[in-house]
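Step one of this worksheet: look at the structure below.
The values are calculated or read from the model by the stated rules, or taken from the named source; none is laboratory data. This structure is a prediction, so every number in the text was calculated from the model and none was measured. Neighbour counts are summed over all protein chains in view; Cβ atoms, including those assigned to glycine, are modelled from backbone coordinates with ideal geometry. Side chains are part of the model used for accessible areas, which takes the heavy atoms of the whole protein and leaves out ligands, DNA and RNA. Shrake-Rupley method; radii C 1.70, N 1.55, O 1.52, S 1.80 Å.
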Amino acid sequence: MLDPAVVSHPVKFGVFEVDLRSGELRKHGIKVKIQEQPFQVLTMLLEHPGQIVTREELHKKLWPADTFVDFEHGLNAAINKLREALGDSADNPRFVETLPRRGYRFIAPVESPVTPVGTPAVVAAVSDRRPPVGTPAPQTAMGTSPLQSAAEIPPPAEAAAPPETVGASSARPAERRSALQKRWKVFVPVAAVILVAVAIGGTFYFRSRQSMTRLTDKDTIVLSDFINKTGDSVFDDTLKQGLSVQLEQSPFLALVSDQRVNDTLKLMGRPAGDRLTPDVTREVCQRTGSKAMLTGSIAGLGSQYVIGLKAVNCNTGDVLAEAQEQGTGKEAVLKALDAAAVSLRGKLGESLSSVQKYATPLEEGTTPSLEALKAYSLGVKTSYAKWSTPALLFFKRAVDLDPNFAIAYARMSGIYRDLNEVGRGAENARKAYDLREKVSERERFLIEANYYGYATGELEKAAQTYELWQQTYPRDDLPYMVLGCISGYLGNWEKALEEFREALRLEPNYAGNYLNLGIAYTTLNRLDEAEALYKQAEERKLENELLLQSRYWFAFLKGDAAQMAQWVSAAMTKPGAEDLLLATQADTEGWYGRLKNAHELTGRAMDSAQHNDAKESAAAYQAEAAVREVEAGNREQARTEANAALKLAPNRDVRAVAALALARAGDTAGAEKQAAELDKTFPLDTLVQRYWLPTIQAAVALGRKDPNRAIELLKVASTVELGAPTNLTIFLCPVYVRGEAHLMLRDGNRAAVEFQKFIDHRGVVVNFPWGALARLGLARAYALEAGFPVAAVSDRRKADGARRAPLQPDALAKARAAYQDFLTIWKDADPDLPILKEAKAEYAKLQ
């Protein structure tokens, strides 16, 4: 058994510790009442943690040669009293497990430092080297040789005897001496065995620690699902999510993402979101090239809950670190999980300073409500295993249960933004920002960046926050991904490409990284690379709403109508995807001049969006329809659609697009009203101030026949004009308006430069209908260069008294080719469209 002469420190397990020198059992440092025989049983079980101690062994060592009936009764009583002292249960054991008719096993992790009492010189003396002849045998603190026989070791004197244990105070002094002598007779033989082991191989405690492999900042960890022994479903998924939040605060540790785990499960022939048992987790760990798997468990007895964590090398099976904590009542479970996780981080190799700096308690970083955390964990799980839209229901439930759940608001803000619900996105970003003070460092980065990006629109501040995030957590893909998006918003697609590449390298199993990098390749007209990337995503079976849309755009650019139809079909009945693909298909119909079909598809998209409580998306689709109608010449229809969209959901993007449509439709007062509201509401918004307001105001200037003013206003937008100002398929708006301004000035050369951008940047424009109409603008620009007064400008030329310049044959040929290009695209267009009639008449004059 563990000898007080050898074990110099208390033996610890959970919240308990056994001090053999004083003969005490303590819980949280307070002595626990326990009688002599239960204490002896505990001591013998602690000598062999995790191993079976048979009833016969207990009988032989702890009881004298009494009758077997007396032993059975005494042992059963001792075990029952031991469990009572530990708060343990035979039916749901946390410490002492019964193996029927065989014996007992101590199942909790044990910290058992076996260090000889005395100086370090004692350890050196008991090496495998023989002492010189005549050298006295080394002495222990008890004054005996470590290899001295048990018979030679005298029992301790009464003065050195351990204090009386609680509950034994009524024993007479002689009886107490006798009992203590019996206990020491049991302890002594084992002391010799332990010291022999020391002499052979050094102290096994120090050897164990030296062989323990710590993690490095290059290693990754896979989390298993918790083993829930409580029968309470509130802990399912919840504790794993809480543990993930705590560990993800660490800049040192890196967890394999849920998305990558799901992708690996598919390769294993298992469904995404399948339960990660220890065996399944180990295979995932090996397949992902990770160093360790981390298993967790929770068990309960009455109001007591015990959290256990164990990190295991998934290749060798070696235990790298363990931690265990106990809490009273459900309200203490998250605190126990916190304490266990923080303890484990240090044992895995993270520096103390890092643990202290990045260890916000779960109740502050997430929520004190287990039910709210459960809903949140289901939302996270759903967003990775399925689609973004279904995950919203769980995040909404989480904030209903805890209105102060900051990170849940942040999650919703991102999903709403992706689904064109920009008003809701901004609202949730603000709520998260107001609650950011107590969250963890990682969550604070996300919340502040969301706030600047989605609420105030300050893209530069958002970028600065993500750059700090990169520096603190260099292995996170999200900062790279969003910095790429910001570069895309601002029209810097080369820089966006670099960021998206790095995001994909860091996380090759997230659909969004394929989506973004594919879009970057497409905008740069690198279609072969985009196609290869999309094939990789398809092979990995990665999907989400926006990835379907980007696949559709790619098929459009390749002229593959069958593929376009396939992606639309794949989106049907999927909330968030169906309305998006119907609206995207409406743009394609608008591209080809089939505005009646586009109108019908927009109506279907709006119905689908509103059916799924996405009113802002519906309004955005209607505002975009107004832009289609106005350039086709249906100005009255455009005004009707724009005003209806503003009435339905006047968020930032709806106001901006509707204002542009109103300005182009001749309602300059209505456009200026919306522009003023945008300026007042979003004074710091990068895209409002640098893209939308200059474009709207320039369109108003054109409506008032002031093209020079329009060109001057658009100078502000020149650096961001190739960007993506919204999630809608509306691009190069400043370019189109500037081209129209040059046409009005009869400057064909400069007008041609602007409209040519729609062709040069076809990957940016994709199926935005103004891209087709830009061909007509280009034809008119060439006609002006040729000296031919086309219908669109002839009246103004005549009014100005301008003389007709000599015809230029080369420019005339270009004009004819450009008209043919446009009329070919619109060969199946609605025949009564005003712009089509004008184009045909102009082309006829060139013959």
> By accessible area of protein heavy atoms, probe 1.4 Å, what ranking do His761, His742, His599 get, highest first?
Replying inline: His599, His761, His742
> Roughly speaking, what is the stretch gain from Gln35 to Glu529, that is 0.36 nm per residue apart minus the C-alpha to C-alpha distance, in nm to one decimal?
Replying inline: 170.3 nm
> Using 7 Å Cα-to-Cβ label points, what is the Gln820/Asp706 separation (nm, one decimal)?
Replying inline: 4.2
> Accessible area of Asp279, 1.4 Å probe, to the nearest 10 Å²?
Replying inline: 130
>> Can you compute 3J(HN,Hα) from phi for each residue in region 308-320, using the Karplus curve 6.51 cos²θ - 1.76 cosθ + 1.60 with θ = phi - 60°, rounded to whole Hz and x for Gly and Pro?
In response: x, 10, 9, 9, 10, 5, 6, 8, 9, x, 5, 7, 8
> To the nearest 10 Å², what's Ile759's accessible area with a 1.4 Å probe?
Replying inline: 50
> What FRET efficiency comes out for the pair Asp560/Glu56, r = Cβ-Cβ distance, R0 = 45 Å, nearest 0.05?
Replying inline: 0.05
> Taking region 229-293 as the region of interest, what is the percent of Cα-Cα pairs per 10 angstrom bin, listed from the shortest bin to the one with the maximum distance?
Replying inline: 19, 49, 30, 2
>> Once you place label points 7 Å from the Cα toward the Cβ at Arg604 and Lys680, how far apart are they in nm?
In response: 4.0
> At a Förster distance of 41 Å, what's the computed FRET efficiency of Ala77 paired with Thr316, Cβ-Cβ distance as r, to 0.05?
Replying inline: 0.45
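Where a ≥ b ≥ c are the square roots of the eigenvalues of the C-alpha gyration tensor, would you call region 283-367 rounded, which needs a/c under 1.5, or, failing that, prolate if a/b is larger than b/c, or oblate?
Here region 283-367 falls in the oblate category.
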> Alpha carbon centre of region 423-447 versus region 661-684: separation in Å?
Replying inline: 30
> Under a point spin-label approximation (7 Å from Cα along Cα-to-Cβ), what is the Lys396-Lys27 distance to one decimal in nm?
Replying inline: 4.5
> Given 4 °C and 1.567 mPa s, how large is the Stokes-Einstein diffusion coefficient of region 404-465 in µm²/s, with Rh as the Kirkwood radius over Cα pairs?
Replying inline: 119
> How high is the FRET efficiency between Glu539 and Lys218 when r is their beta carbon distance and R₀ equals 22 Å, given to the nearest 0.05?
Replying inline: 0.25
> Radius of gyration and Dmax for region 550-673's Cα atoms, expressed in Å?
Replying inline: 14.4, 44
> Amide H to amide H under 5 Å from Gln304: which residues, 5+ apart in sequence or cross-chain, H placed 1.01 Å off N in plane?
Replying inline: Gly329
